[in-house]
Every structure is written in structure tokens, then in C-alpha cells.
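Asker: Pasting a structure below so you can have a look.
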Amino acid sequence: MSEQVTEPLLSVRDLSVAFHQGGNTSLAVDRVSFDIRRGEVVALVGESGSGKSVSANSILKLLPYPSASHPSGEILFNGKDLLKASDAELRHVRGNDITMIFQEPMTSLNPLHSIERQIAEILDLHQGITGPAARTRVLELLNQVGIREPEKRLSAYPHELSGGQRQRVMIAMALANRPELLIADEPTTALDVTVQAQILALLKTLKDEHGMSMLFITHDLGIVRKIADRVCVMTKGKIVETGPTAEIFSNPQHAYTKHLLAAEPKGKPPTSDLSKPVVMEAQDVKVWFPIKAGFLRRVVDHVKAVDGIDLSLRAGQTLGVVGESGSGKTTLGLALTRMISSKGRIAFVGQDIADYTFKDMRPLRNRMQIVFQDPFGSLSPRMAVSDIIGEGLKVHESALSDKERDARVAAALEEVGLDAATRWRYPHEFSGGQRQRIAIARAMVLKPQFVMLDEPTSALDMSVQAQVVDLLRDLQTKHALAYLFISHDLKVVRALANDMIVMRLGKVVEQGPSEQIFTAPRDDYTKALMAAAFDMEAVAVPAVRQ
Amino acid sequence: MSDVVSRATVAEPRAGWLTPVNQRRLQNFKANKRGYWSFWIFMVLFVLSLFAEFIANDKPLIASYKGEILFPVVVNYPEEKFGGFLAETDYRSDFIRDEIQANGWMIWPPIRYSYNTANSNIPHSAPTAPFWLMDAGERCSGYPLGSEDPGCTLGNLNWLGTDDQARDVTARMIYGFRISVLFGLALTIASAVVGVSAGAVQGYFGGWTDLLMQRFIEIWSSMPVLYILLIIAAIMPPGFFVLLGIMLLFSWVGFVGVVRAEFLRARNFEYVRAARALGVGNLTIMWRHLLPNAMVATLTFLPFILSGSITTLTSLDFLGFGMPPGSASLGELIAQGKSNLQAPWLGLTAFIVMSVMLSLLIFVGEAVRDAFDPRKTFQ
């Protein structure tokens, strides 16, 4: 493909995107230029809000016009300006010459149509292939994207497929008309690490087989290093650095690129210390959800979300719970904090709490706190930050005067690194990282001994993640907190947890000091997880589902 | 986070009784110009109508009689005092008027009729047209001395004409507006309290509570309201509170659906779970975390319920099953307009009052809804 280097397939020149809302105009993308040559993979890297998705969407003019507009720029595809193209011409390009795959495989397929119908529709639309010919082609595509037994899957509906399979179907749809350019907008962000590795491997093979170009949008530098030929680093609507992948990683020029590269969670977990008092202890914890069937709703079986787990957690230490989605790690955390009912012994600071009712638990709630995954969902949008943080104080320390409570709230905000004067604002005025700090402040203001952290970093940008990890570690050393750290992100777990449980389908796969598990994993599943998380390698292990 | 600055603890000054949160809501409310103006217009009309006795009455506001200052509008003086024999003084009669004027003076409200005062000096048979549709001679022809008569003053003329019982339409309109708004407000607030509580309990607890209450509501709301009203009207004489009670029995159901849906949706929100993890009690969670969610849905609903209640009262009055005969009501005015097509001022007055009132309420409702929306951006 090197002979075609002179003429880029896609050339974006000085592209700007502006959004108008209620008399306000904001510039989301500011004079961005980049080229994609034939057979090349270009990655557009940046944190949320940097304008990378907006840039990619404007290539196919998928923005909400007329509230979006392009004050400057041109997008030349095969020498033709797409920004000036008519709707009819654009429709021909979309799904035919240029195709897109999106982040959320759950919502980008129509839940009411079968897989066959959705893929065949594109074939019919652009190539006029129908009937048996279409079916053959659909089967061929499903084979290509690695769906096992495609004949059986033809009549399946999206809800019958796993997240990874759905993303494969999306890729099959994108490949259906042999596009010249594939735009992948965070295609693996919503997937588990092992599945992510498989999808990346698939995209790489497909690109090599078809000689396709790819524009890959991501915030994950690990993926970039794995798949891209060239990188464009974007921040605040501008491309600050462009260059070959190897060069950018070995010799970053711009300060922001350096900042991004340094953003990996760093630091060491607390050292295991058996002399510390045990805060949380559990034996044979089981959470079974009954499956009822028949006219009398008899219990025929159980979904074993958590199936016999033992653990013990000491003050000032962190127990990491690792597993893919559906492995029961959050359910385990909720059972330990008695938010859902469970079987087995649970002891909190020596007190057996397994049979406590919700009322019995109330006096203990200030000593065990939860920080939830989604900082956008876990803060009530209708309460000011001071009310959100002060709510627990009202329950547990009702003797406090308004003034004292306000001082405690302000102190908690300062402790998590936020300006105390911001406590009168609403959550929506804060960024994701700031919101997570507020959620942490809400837990910390009660001076807990045990904190369950349910994926506290996974909704955040990479550099913010590192800051939150540092914050959590500082708080832990300061207050000798015991953390139950639930995550699917092994890098964060390595930086925080000194002990670790690897969970799969409600059961423990491997349990022990994290140092030992990271350096010498014994179980095949753990090995596959590690390979996928750290090297983005898909390991063919029967333990890993497709 | 580079934008995080660590500053000394400064308490944001709270202006008066409003927290910053409520100040922002107020600002949001004001930002909706149409709603804001509608609110003030409606408040002025409503407050004025609350003092209807001082605007339209058949008693003078203040009178001076033989050196004594009297307040006939608030105090009931027997006619004896002025040399008559009735238990209640008819200040409009020529005899009393001349007697007081000979021994002092009196100040009348702008309109010298109450809602049930009949004009005994109408120029021709009732209903009579507004005075400005007649020439000077004709409008005073009902008085003994014609246009020279001292009784033929602006306050005594019928600004919007009279109805078929020679009662002043302006006075009836003012009193009718007041009773409509009061009835609507009372019914809306009462049914919101009942309906929101019922919906909240159903949505929050779910399961059997929800199932049983939902079935009960289905049966309850399929009752024929109008027939029940007719039956009850036959047993006890309808009045303001009887009507309010009967209407409340059925109108609270309207709120249950939206509130229940909001609570069902929101009870699994992460911040509700977070509140449970803090040890917050059920009632507090419902009140503090879930109710504000449901409030927007309720508030969106509120103006419709309010205008609906007003319309219901009006239509019951129109049919003759509403307020007791003789009381001021817009529905009765419409009914009169229907039976007296030759007197269009009856129907037109009722129509204009109804439409202005309902429009203002809807505009205010929209602005209130905007004010409670935290994601609303305003400049």
C-alpha cells in the first residue's frame, strides 16, 4: 500500500465544529487537521469532552444540525468535500464507503429485528442484494467476525447475544459493503477486558485482510499502542500532537501528551500487616436469587450470584475484588454491607451482622460506607452538595448544630481536594472526577472504618483515575480505612489492593496476596485476564467466554 | 485536577430566608417572562377578588349618620337605626339613602351591587344590556327622575349588564371568580396531598402493596362520578365543602399514576441506594430523594388539575348540580347565557373570565415547572 501514500484517503483540513444553544455558541472542535492514508489506522486520543467523537461524527455529518455548524474546514474523502455534499450523496457514502461502529453495543442494534435482518438491510440498501444471496453474504460476514455457528445465530435477537457478540455483529454490519474507511468510536469501552482483547484482535485481522483504513477513537492509550499506526492527541477541541505511534510513546513533545502518558495509576498498595484488627470477616457468603416457574411460582432453581465466599479484611488494608461483568463482585459487596440479604456469616468489627434487619443496621451505617461506580447517578441531582454530604450527619450525628454540620461538610470537601465554597452548587455543575470526590466526601464525613468502593474509577478519564487512586490511598493511610475495592480494571487494583479475590460466576477463582497473583497467576482464567488487561492479548482459554 | 483550588472555608452568605438553591429556582421562575407576568396578573386579580365585598357590595363602605361613623360593610346595623323597621338595612332604598344623606354622608364601593342584589331600577325587563350600549336617557329611565335622578350614578349602572333576575353581572363575575379559584386551589391541594402520598407508598414499597392499591384504584376510578354526585345531591344540599369532598374522593387518583411511576423508577437509583447505605430511613428517603423527582411530574400536572377542577365546578353549576341556587358562579352565568341568547354579554363575560383565568394558570404552571428543573440553563 506504500505506493498510494501520496494521496490520502481522507483528509480533514481546518475542521471546526460549533454548537449553538440558547443564544450561546461553543466551539467543540477548533481547526483540526489530519490525514488517513489507505490501509492505515489513525487513532484519535483524548479525554472525555476533548472533541474527538464530535470530529469523527462530523466526517459523516452525523451531528445534530442545525444546532451544530462548521465555521471552517473541509473533509476531503477521495478528493470530494463531504461537508459540501448533498444528503443523497452522503447517504451513498454512509454505510458504503465509510462505516461506523459505536461504543454501546447494547443500544446500537435495533432490539426488535433479528441479526440477519439488520445485516441484510444494509446489503439491500447499498448493493441491492436480497434473498438467498443476502443470506449467504450475511453468513460469510458472521463467519468473518468470528461468531460461532452463525447459522444458528441468524434468527437471534440482540438481547440473546452477549456484549462482545453484539459488537461483532456491529462490525459485521460495518464490513458488509467492504468500506474503505471504518470509524470506530470507542468500540471496546463498554466491554470486559478479555472481550476487548478479542475485538481488537479481530479488527486488526480484518483491516489486514481487506486493506481497510481505520479511524480509531479512544481514551485508552494501551489500545492505541496496540492497534494504531499514527496517533493524533486531542484536548479541548484541538489536536496538539500528531505522529507515528512509536514516536509519540517514546518521545512525546507536547505537555498534554506527556501528562496523558504519565496518567497510569501509580503507587504501591499498603503492605499486609497481620497485627491490624480485622474489620470485616465473612464465611461462606451466598447470595442466591430464586428462579420461579409454573403457575404456582415454585422455586425451580437459583441464580447463584455469590456462591460461598470467605474473606477477611483488616484495618488500613485493601481487598481487591476482580472479575468481569456478571461475576457477582458488586453483589458480594452489597451483601457484606447488608444492602441485600444473604446467607453465611458476616462479622463487622467482631459483631455478627448477618441476621441484622435494616433497622438494626442503621447505627452501624456510619462505620461502613459505600462509594458507587457512577458519579453521575450516585448524587441526587436535586440536592446541593452541602445537603448531599450533610445527609449522613443528620442521621448519625443529629446533635450537631447547623453550623457544626456545615463546618464538617466543608472540612470533608477540603479533605478530598475540592473548594469548600462550592458546596452550594448542584452536582451537574461538576466534572466526573469532581463528582466522584463529592461521593467520596459523603462517605468520609461519617468517619467510617470500612468503605466499599464499587468501581469508583471506571467512569472516569485516565488522568482523573490516577488522581482518585492517589486520593483514596491518602485517605486510607490517614484514617486507617479498610477498603473493599471492586473493579474490573487490574491496573487500578494493582495500585491499591494488597489482597485480592478473582471472581467468576459467583465463585472464587483465585484468592491471595495481590503481589503473588499478579506475578504468578495460577489459574488459567486469571492468566487470561492478566494478558487481556496488560497486553491486550486475547488468550484462547476455554475459561474465557466469547 | 488542576482547577481545584484549596481556599479557606468561606460560608456563602444566605440572603434572607432563601437558600442559594431556592434563589436559583426563583431566578429560573423569573426568567420565564410570560409565566412571571401571568403570576403577578393572576395574583392581583385573586387578591382583589378576595376583597370582593369592598369592591362590589350593596352596602356603603363607610357612612356618617348623625355624627356617628358607621361601617356597614362589616357591621350589620338594623334598619331601626335609620328609622326603618327591617332587620337588615337596605342602603339602596331611596328612603334610607335620603335619610343618611340628610344627616351625614356615605362612601360606596365602586360597584353598588353584591352578587345577589337585584337592580330594581332597570330601564326595561331583565336581562338588560351594559349601560354603555344605551344612551343617557335610556340607561336612567328606570329611575323616578330619569337622568336627573341622584341614584343614576356610575356605581349604580350595570357595567356588564344584568342577568335575567336583574342582578349585576360584574358583581357576580367577581364573586364567581373568587369561588372558582378558591374551589380549584382547595381541590388541587387536597387531591395532590392524597394522591402523591398514595402514589409514593405504592411506588416505593412496590410488590403486594402496589398490586392491591392499583386494583383498588382501577375499581374506584371506574365509578360514575356524575351519578354519585346526583345521588348525594339528593340526600344532602350541595354546598362548597360537600362538593369539594365528593370531588376529592375521585380526583386524587389522577396523581397516583405519575408519582407511582416516578417512585418506581427512582427507587433503584444509585443515589437512593447511597442514601440507604448512609442509614437514612424510608420516610426521609421518600421525602428528600424521591419526592423532588416526582415533584416535577406533579407540578407539570398541577395546572391541569387546577384548571380541570375549575372547569368541573363550572360545568356542574351549568348543569344545575353545583353550588346552591343564588350563589355566584361562572357556570350559572354560562347557563344564563345559553338560555338568553338575546343577551350576549352574559355568555361573553363568562367565557372571557374563564379563558383568561385558565390561560394565566397554565402559564404560571409552566414557569413553576421550569423553575424546579435543575438542568435548566438560563441566561
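Asker: State yes or no: is A:ALA482 within 19 Å of the chain's Cα centre (by Cα) and hydrophobic (A, V, I, L, M, F, W, C)?
Answerer: Numbers: within 19 Å of the chain's Cα centre (by Cα): no; hydrophobic (A, V, I, L, M, F, W, C): yes.
No: the conditions fail for A:ALA482.
Asker: Please determine whether any residue of the range A:379-386 is in contact (Cβ under 8 Å) with a residue 24 or more places away in the chain and of a type in the set (S, T, N, Q).
Answerer: Looking through the range A:379-386, at least one residue is in contact (Cβ under 8 Å) with a residue 24 or more places away in the chain and of a type in the set (S, T, N, Q).
Asker: Identify, please: which residue in the range A:518-539 is assigned to a helix (DSSP H, G or I) and touching a Ser or Thr at 6+ places or on another chain (Cβ under 8 Å) and is, among those, surrounded by the most Cβ atoms within 10 Å (Cβ to Cβ)? Spell out the reasoning first.
Answerer: If we filter the range A:518-539 for residues that are assigned to a helix (DSSP H, G or I), which is where we start, we get A:518-519, A:524-535.
From the residues that got through so far, the ones that are touching a Ser or Thr at 6+ places or on another chain (Cβ under 8 Å) too are A:528-529, A:532.
Numbers: A:ALA528: 22, A:LEU529: 29, A:ALA532: 23.
Across the range A:518-539, the extreme among qualifying residues is A:LEU529.
Asker: Inside the range B:213-306, counting only helices (runs of 4 or more DSSP H) that do not spill past its ends, which hold 1 or more residues that are of a type in the set (Asp, Glu) and over 24 Å from the mean Cα position of the chain (by Cα)? Don't jump to the end; show me each part of the working.
Answerer: Numbers: elements: B:225-235, B:240-251, B:253-266, B:270-277.
Qualifying helices (runs of 4 or more DSSP H): B:253-266, B:270-277.
Asker: Could you count how many residues in the range B:42-73 are more than 20 Å from B:TRP159 (Cβ to Cβ) and not in a loop (DSSP other than H, G, I, E, B)?
Answerer: The qualifying residues number 12.
Asker: Of all residues being exposed (fewer than 15 other Cβ atoms within 10 Å of the Cβ) and assigned to a helix (DSSP H, G or I) in the range A:399-410, which is farthest from the other protein chains (Cβ to nearest Cβ)? Just the residue, please. Let's see the steps before the verdict.
Answerer: Residues of the range A:399-410 exposed (fewer than 15 other Cβ atoms within 10 Å of the Cβ): A:399, A:401-404.
Right, trim to assigned to a helix (DSSP H, G or I) and you get A:402-404.
Values: A:ASP402: 11, A:LYS403: 9, A:GLU404: 13 Å.
Restricting to residues being exposed (fewer than 15 other Cβ atoms within 10 Å of the Cβ) and assigned to a helix (DSSP H, G or I), the top hit is A:GLU404.
Asker: Now for a different question. Report the residue count in the range B:307-345 for those that are assigned to a loop (DSSP other than H, G, I, E, B) and either of a type in the set (Asp, Glu) or in contact with a Phe, Trp or Tyr (Cβ under 6 Å, 6 or more places away or on another chain) (or both). Before you say what the answer is, go through the steps one by one.
Answerer: The first filter runs over the range B:307-345 and keeps only residues assigned to a loop (DSSP other than H, G, I, E, B), leaving B:320-329, B:340-343.
Narrowing further to those that are either of a type in the set (Asp, Glu) or in contact with a Phe, Trp or Tyr (Cβ under 6 Å, 6 or more places away or on another chain) (or both): B:328.
Residues in the range B:307-345 being assigned to a loop (DSSP other than H, G, I, E, B) and either of a type in the set (Asp, Glu) or in contact with a Phe, Trp or Tyr (Cβ under 6 Å, 6 or more places away or on another chain) (or both): 1 in total.
Asker: Still on this structure: Applying the selection to the range A:487-510, what residues are surrounded by 17 or more Cβ atoms within 10 Å (Cβ to Cβ) and more than 25 Å from A:LEU200 (Cα to Cα)?
Answerer: A:ALA495, A:LEU496, A:ALA497, A:ASN498, A:ASP499, A:MET500, A:ILE501, A:GLY506, A:VAL508, A:VAL509, A:GLU510
Asker: State all residues of the range A:99-116 that are more than 26 Å from the chain's Cα centre (by Cα), buried (at least 16 other Cβ atoms within 10 Å of the Cβ) and not hydroxyl-bearing (Ser, Thr, Tyr); if no residue qualifies, say none.
Answerer: The one that is more than 26 Å from the chain's Cα centre (by Cα), buried (at least 16 other Cβ atoms within 10 Å of the Cβ) and not hydroxyl-bearing (Ser, Thr, Tyr): A:GLU116.
Asker: Select, from B:ALA186, B:ALA190, the only residue that is surrounded by 15 or more Cβ atoms within 10 Å (Cβ to Cβ) and over 30 Å from B:LEU346 (Cβ atoms). Even if it seems obvious, please write down each step before you answer.
Answerer: Working: B:ALA186 fails: over 30 Å from B:LEU346 (Cβ atoms).
Of the residues listed, the single one that is surrounded by 15 or more Cβ atoms within 10 Å (Cβ to Cβ) and over 30 Å from B:LEU346 (Cβ atoms) is B:ALA190.
Asker: Keeping to the range B:118-145, report how many residues are of a type outside the set (A, V, I, L, M, F, W, C), closer than 15 Å to B:LEU160 by Cα and in contact with a helix residue (DSSP H, G or I) (Cβ under 7 Å, 6 or more places away or on another chain).
Answerer: Going through the range B:118-145 one residue at a time, the tally reaches 4.
Asker: Would you call A:ASP419 of a type in the set (Asp, Glu), touching a residue at least 60 places away in the same chain (Cβ under 8 Å) and farther than 18 Å from A:LEU313 by Cβ? Can you show your working first?
Answerer: Numbers: of a type in the set (Asp, Glu): yes; touching a residue at least 60 places away in the same chain (Cβ under 8 Å): no; farther than 18 Å from A:LEU313 by Cβ: yes.
When the stated conditions are applied, A:ASP419 does not pass them.
Asker: While we're here: If you check A:ALA520, A:ALA533, A:ALA459, A:ALA495, which single one turns out to be more than 24 Å from A:LEU336 (Cβ to Cβ) and either of a type in the set (Ser, Thr, Tyr) or under 19 Å from the mean Cα position of the chain (by Cα) (or both)? Please lay out each step first, then the result.
Answerer: On the way: A:ALA520 fails: either of a type in the set (Ser, Thr, Tyr) or under 19 Å from the mean Cα position of the chain (by Cα) (or both); A:ALA459 fails: more than 24 Å from A:LEU336 (Cβ to Cβ); A:ALA495 fails: more than 24 Å from A:LEU336 (Cβ to Cβ).
Unique residue meeting the criteria: A:ALA533.
Asker: Might you check whether a residue that is within 29 Å of the chain's Cα centre (by Cα) and either surrounded by 21 or more Cβ atoms within 10 Å (Cβ to Cβ) or modelled with pLDDT of 85 or more (or both) occurs anywhere in the range A:72-89?
Answerer: So in the range A:72-89, the residues within 29 Å of the chain's Cα centre (by Cα) come out as none.
The answer is no; no qualifying residue exists.
Asker: Report yes if some residue within the range B:360-367 is within 14 Å of chain A (Cβ to nearest Cβ), more than 21 Å from B:SER251 (Cα to Cα) and among the aliphatic types (A, V, I, L, M); otherwise report no. Explain how you work it out, then say what you get.
Answerer: Going through the range B:360-367, the residues within 14 Å of chain A (Cβ to nearest Cβ) turn out to be none.
No: the range B:360-367 contains no residue that is within 14 Å of chain A (Cβ to nearest Cβ), more than 21 Å from B:SER251 (Cα to Cα) and among the aliphatic types (A, V, I, L, M).
Asker: Further question: Please enumerate the residues belonging to the range B:94-123 that are among the small types (Gly, Ala, Ser) and loosely packed, with under 15 Cβ neighbours inside 10 Å.
Answerer: From the range B:94-123, those among the small types (Gly, Ala, Ser) are B:102, B:104, B:114, B:118, B:120; that's our starting set.
Across the range B:94-123, the qualifying residues are B:ALA102, B:SER120.
Asker: Let me ask another. For the range A:339-381, which positions are surrounded by 22 or more Cβ atoms within 10 Å (Cβ to Cβ) and at the interface with chain B (Cβ under 10 Å from one of its Cβ atoms)?
Answerer: A:ARG365, A:MET368, A:GLN369, A:ILE370, A:VAL371, A:PHE372, A:PRO375, A:SER378, A:LEU379, A:SER380
Asker: Mind counting the residues in the range B:301-324 that are modelled with pLDDT under 80 and closer than 17 Å to B:ALA200 by Cα?
Answerer: Here the count works out to 1.
Asker: May I ask you to list pairs of residues, at least six apart or on different chains, whose Cβ atoms are under 8 Å apart, with the first in the range A:154-183 being surrounded by 23 or more Cβ atoms within 10 Å (Cβ to Cβ) and the second being aromatic (Phe, Trp, Tyr) and assigned to a helix (DSSP H, G or I)?
Answerer: From residues that are surrounded by 23 or more Cβ atoms within 10 Å (Cβ to Cβ), there are no pairs.
Every residue, every condition in (1) within 30 Å of the chain's Cα centre (by Cα); (2) modelled with pLDDT of 85 or more, yes or no:
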| position | (1), (2) |
| --- | --- |
| A:MET1 | no, no |
| A:GLN4 | no, no |
| A:LEU15 | yes, yes |
| A:GLY23 | no, no |
| A:SER26 | yes, no |
| A:SER33 | yes, yes |
| A:VAL42 | yes, yes |
| A:LYS52 | yes, yes |
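Asker: Of all the residues that make up the range A:444-485, how many are hydrophobic (A, V, I, L, M, F, W, C) and part of a helix (DSSP H, G or I)? Steps first, please.
Answerer: So the first thing to find is which residues in the range A:444-485 are hydrophobic (A, V, I, L, M, F, W, C), and the list is A:444-446, A:450-453, A:459-460, A:462, A:464, A:466, A:468-469, A:471-472, A:475, A:480-482, A:484-485.
Still in the list and also part of a helix (DSSP H, G or I): A:444, A:462, A:464, A:466, A:468-469, A:471-472, A:475.
Qualifying residue count, the range A:444-485: 9.
Asker: Out of curiosity, is B:VAL280 in contact with a Lys or Arg (Cβ under 8 Å, 6 or more places away or on another chain), over 30 Å from B:PHE42 (Cα atoms), surrounded by 18 or more Cβ atoms within 10 Å (Cβ to Cβ) and within 14 Å of another protein chain (Cβ to nearest Cβ)? So that I can check it myself, show each step before the final result.
Answerer: Working: in contact with a Lys or Arg (Cβ under 8 Å, 6 or more places away or on another chain): yes; over 30 Å from B:PHE42 (Cα atoms): yes; surrounded by 18 or more Cβ atoms within 10 Å (Cβ to Cβ): yes; within 14 Å of another protein chain (Cβ to nearest Cβ): yes.
Spelling it out, B:VAL280 is indeed in contact with a Lys or Arg (Cβ under 8 Å, 6 or more places away or on another chain), over 30 Å from B:PHE42 (Cα atoms), surrounded by 18 or more Cβ atoms within 10 Å (Cβ to Cβ) and within 14 Å of another protein chain (Cβ to nearest Cβ).
Asker: Given the conditions (1) free of Cβ contacts under 8 Å to residues at least 40 places away in the same chain; (2) buried (at least 20 other Cβ atoms within 10 Å of the Cβ); (3) within 30 Å of A:ALA282 (Cα to Cα); (4) facing chain B (nearest Cβ under 8 Å), report the number of the one that A:LEU446 does not fulfil.
Answerer: The number of the failed condition is (1).
Asker: Ok, one more. Of all residues in the range B:151-199, which are at pLDDT 90 or above and of a type in the set (Asp, Glu)?
Answerer: None; the set is empty.
Asker: Count, please, the residues in the range A:382-398 that happen to be facing another protein chain (nearest Cβ under 9 Å) and out of contact with any Leu (no Cβ under 9 Å at 6 or more places or on another chain).
Answerer: Of the residues in that region, 4 qualify.
The values are calculated or read from the model by the stated rules, or taken from the named source; none is laboratory data. Note that the coordinates shown come from a computational prediction; the quantities given were computed from them, not determined experimentally. A quick note on method: Cβ atoms are made from the backbone with ideal geometry, for glycine too, and the neighbour counts reach across all protein chains shown.
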